[in-house]
């Protein structure tokens, strides 16, 4: 998979290069699907009103705190959070 390093602040994930910071080529994803906000001691993922939702353990989330190994699914793409500040798709 591809590793994306996250900087402090908010990073938007989606399928549109015009509106997402991290572009994932998945037709099941919205242009702006979800975002991750990283602060000095934690990270939070928030769905951005996507058509198919952002899932954690098969259930849609609005917002969720991330910990090592958290796997979210956006469209057909699983993404895994690492506390080293990266996300793997």
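Where a number appears in this text, it was derived from the coordinates with a stated rule and is not lab data. Keep in mind it's a predicted model, so treat the numbers as computed, not measured. Every residue, glycine as well, gets a Cβ built from its backbone with ideal geometry; the counts of neighbours run over all protein chains shown.
For the chain, what proportion of DSSP beta bridges, expressed in % and rounded to the nearest 5, is antiparallel?
Numbers: 29 of 31 bridges.
Within the chain, antiparallel bridges account for around 95 percent of the total.
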Determine the gain in length on full extension of the stretch residue 18-residue 80; use 0.36 nm per residue of separation and subtract their C-alpha separation, reporting nm with one decimal.
19.9 nm
Computed on alpha carbon atoms, what radius of gyration and Dmax characterise the chain, expressed in Å?
11.5, 33
For 55, 6, what ranking results if the residue with the fewest other Cβ atoms within 10 Å of its Cβ goes first?
55, 6
For the chain the mean separation of alpha carbon contacts under 8 Å (6+ apart) over residue count, i.e. relative contact order in percent, is 26 percent
Can you put 19, 65, 30 in order of Cβ neighbours within 10 angstrom, beginning with the fewest?
65, 19, 30
Using only Cα positions of segment 3-54, each an equal point scatterer, no hydration layer, compute I(q)/I(0) via Debye at q = 0.25, 0.26 Å⁻¹ and quote the log10 values to two decimals.
-0.92, -0.98
For residue 37, put the label point 7 Å out on the Cα→Cβ axis and report which residues of segment 49-83 keep their amide N under 13 Å from it.
63-66
Taking 33, 4, 40 and counting other C-beta atoms within 10 Å, the order from fewest to most
40, 4, 33
